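Peer 1: Supplied in structure tokens, the structure appears directly below.
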Amino acid sequence: MIDIKAIKSELEMVSDLEQLDAFFQKYLGKKWSITEGFKQMGSASPEERKALGQKLTEAKDQVTEAYEAKEMELSREKINQLLNADLVDISLDTQPLDQGSYSVLAKVRREIEEVYKSLGFIIDYGHEIVTKYENFESVNIPLTHPATEMHDTIYLNDLDPKGLPLILRTHNSAHQVQDMMKYGVPLKLGSPGRVYRFESMDASHDVMFRYAEGIVIDKNLSIANFKDTMQKILSWILGKKTEIRMRPGYFPFVEPGFEIDAACPICDGKGCNLCKNVWRIELLGAGMVHPEVIKNAGLDPAEWSGFAWGIGVSRLAAIRYGIKDIRYFTNGDLRFSKSFA
Ligand code: DAH
């Protein structure tokens, strides 16, 4: 009746999953052979039915087992075929990819950060959207000061909790008070980052440029401490021991305030195009932190003193690499960027 041997050798001949499906339909599916055999049991006598049932079950088990083994074997083969077809030869050479690099501004900023860190400064970038209080009042600039005018500062539509418009910071000094409160005193902190001013753009002005602020707060700090620190930082940044000169300068958040010049890094004070033969270049604004600013951080100015400065990173990079127009830094011209890669 059912020749298991013949069925199995038929199964042997099956060579793909499609044929295997046909085999299943033929012997194990609803309509066919073995299933059909079970149906015929209905017309057999009770004794025959028992023997027939046993035989059929045995046959079904054996064929099912062989079928499952075959299915496993063919599926594995199929997967291997697909994997082989998809094989990527990772040892093959490809076209070389363009490699990115830091922008020249990021390089100079990172160098300044390294100098700050080597002197034990905390680095905190602050944030670029600030309140008018942070940018102006906290650093002793009254809201009636011309710097707060629409034509000097970039205003946002969003309001701060006091109902005043938020602005883009015009200097990193906006974080001095916040940082004193956040980290406590004594404090040595560097704050590099972008600042924004409502400027008409030309070769030396942009609406966005980069500054690297620094602030030191401690007891009994003097102008001598300040000058020494500036001398060290600028010498490191300019890559050689550099004489500095401090001239009086006005910033509302310092008293006294200074403009700091360094001997021209190109001609060493002999006179050249860069320094326009005045031998020095103006590098930063600075001063002894104003008592009002110290008070705004909840500290007693009779006890705590400090000095702070802002280095123009864009300016420094322009000087160092002889870049005549600072708009090159941000105009996205790859020829420019690649020349510093
Ligand atoms: N905030 C000044 C500017 O944007 C630079 C500056 C001057 C920073 C004096 C200071 C400072 O911390 O004490 O031009």
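Peer 1: Within the set of pairs 6 or more residues apart or between chains, which connect a residue that is within 21 Å of ILE294 (Cα to Cα) inside region 203-231 to a residue that is of a type in the set (Lys, Arg) with Cβ atoms less than 6 Å apart?
Peer 2: Every condition considered, the pairs that remain are VAL216/LYS188.
Peer 1: Then there's this: If you take the residues of region 153-176 that are hydrophobic (A, V, I, L, M, F, W, C) and in contact with a Pro (Cβ under 9 Å, 6 or more places away or on another chain), which of them is nearest to the ligand (Cβ to nearest atom)? If you could, list the steps in order and put the result at the bottom.
Peer 2: Initial filter on region 153-176 (hydrophobic (A, V, I, L, M, F, W, C)): 154, 156, 159, 164, 166-168, 174.
Subsequent filtering for residues that are in contact with a Pro (Cβ under 9 Å, 6 or more places away or on another chain) retains 156, 159.
Numbers: LEU156: 20, LEU159: 25 Å.
Of everything passing the filter in region 153-176, LEU156 is nearest to the ligand (Cβ to nearest atom).
Peer 1: Sticking with this structure for a sec: Would you pick out the residues in region 143-184 that are closer than 12 Å to TYR133 by Cβ, charged (D, E, K, R) and surrounded by fewer than 16 Cβ atoms within 10 Å (Cβ to Cβ)?
Peer 2: LYS162 - this is the single residue of region 143-184 that is closer than 12 Å to TYR133 by Cβ, charged (D, E, K, R) and surrounded by fewer than 16 Cβ atoms within 10 Å (Cβ to Cβ).
Peer 1: Just name the residue that is farthest from GLU282 (Cα to Cα) out of those in region 187-207 that are out of contact with any strand residue (DSSP E or B) (no Cβ under 9 Å at 6 or more places or on another chain) and assigned to a strand (DSSP E or B).
Peer 2: Narrowing region 187-207 to residues out of contact with any strand residue (DSSP E or B) (no Cβ under 9 Å at 6 or more places or on another chain): 200-206.
Still in the list and also assigned to a strand (DSSP E or B): 202, 205.
Numbers: ASP202: 19, HIS205: 15 Å.
Within region 187-207, the match that is farthest from GLU282 (Cα to Cα) is ASP202.
Peer 1: Among the residues of region 1-45, write down those that are at pLDDT below 85, assigned to a helix (DSSP H, G or I), of a type in the set (S, T, N, Q) and out of contact with any Leu (no Cβ under 9 Å at 6 or more places or on another chain). Spell out the reasoning first.
Peer 2: Keep residues of region 1-45 that are at pLDDT below 85, which gives 1-4, 26-45.
With the extra rule that they be assigned to a helix (DSSP H, G or I), the set shrinks to 4, 26-27, 33-43.
Still in the list and also of a type in the set (S, T, N, Q): 33, 35, 40, 43.
SER33, SER43, listed by residue number.
Peer 1: Would you point out the residue of region 50-80, among those that are among the small types (Gly, Ala, Ser) and surrounded by 14 or more Cβ atoms within 10 Å (Cβ to Cβ), that is farthest from SER9 (Cα to Cα)?
Peer 2: GLY53
Peer 1: On to the next question. Can you list the strands (runs of 3 or more DSSP E) lying wholly within region 208-307 that have 2 or more residues being surrounded by fewer than 16 Cβ atoms within 10 Å (Cβ to Cβ)? Spell out how you get there, then give the answer.
Peer 2: Values: elements: 208-218, 244-248, 254-263, 280-289.
Where strands (runs of 3 or more DSSP E) fall fully within region 208-307 and carry at least 2 residues being surrounded by fewer than 16 Cβ atoms within 10 Å (Cβ to Cβ), they are 244-248, 254-263.
Peer 1: Suppose we keep only residues that are of a type in the set (Gly, Ala, Ser) and in a loop (DSSP other than H, G, I, E, B) within region 114-148. Which one would you say is farthest from ALA297 (Cα to Cα)?
Peer 2: Filtering region 114-148 for residues of a type in the set (Gly, Ala, Ser) gives 118, 120, 126, 138, 147.
Still in the running and in a loop (DSSP other than H, G, I, E, B): 120, 126.
Details: GLY120: 22, GLY126: 16 Å.
In this case the residue turns out to be GLY120.
Peer 1: Could you check region 1-15 and list, in sequence order, the residues that are over 14 Å from VAL63 (Cα atoms) and either of a type in the set (Ser, Thr, Tyr) or open to solvent by less than 60 Å² (accessible area, probe 1.4 Å) (or both)?
Peer 2: SER15, the sole residue that qualifies.
Peer 1: Which residue, of GLY214, GLY285, GLY193, GLY184, is within 16 Å of the ligand (Cβ to nearest atom), under 29 Å from LEU299 (Cα atoms) and out of contact with any helix residue (DSSP H, G or I) (no Cβ under 7 Å at 6 or more places or on another chain)?
Peer 2: Numbers: GLY214 fails: out of contact with any helix residue (DSSP H, G or I) (no Cβ under 7 Å at 6 or more places or on another chain); GLY193 fails: out of contact with any helix residue (DSSP H, G or I) (no Cβ under 7 Å at 6 or more places or on another chain); GLY184 fails: within 16 Å of the ligand (Cβ to nearest atom).
Every option except GLY285 fails the conditions.
Peer 1: Take TYR67 and tell me if it is among the hydroxyl-bearing types (Ser, Thr, Tyr), farther than 30 Å from PHE209 by Cα and in contact (Cβ under 8 Å) with a residue 12 or more places away in the chain.
Peer 2: Numbers: among the hydroxyl-bearing types (Ser, Thr, Tyr): yes; farther than 30 Å from PHE209 by Cα: yes; in contact (Cβ under 8 Å) with a residue 12 or more places away in the chain: yes.
In short, yes.
The values are calculated or read from the model by the stated rules, or taken from the named source; none is laboratory data. Just so it is clear, the structure is predicted and the values come from calculations on it, not from any experiment. Cβ atoms come from the backbone with ideal geometry, glycine included; neighbour counts cover every protein chain shown. All accessible areas refer to the heavy atoms of the entire protein, side chains included, with ligands and DNA or RNA removed. Shrake-Rupley method; radii C 1.70, N 1.55, O 1.52, S 1.80 Å.
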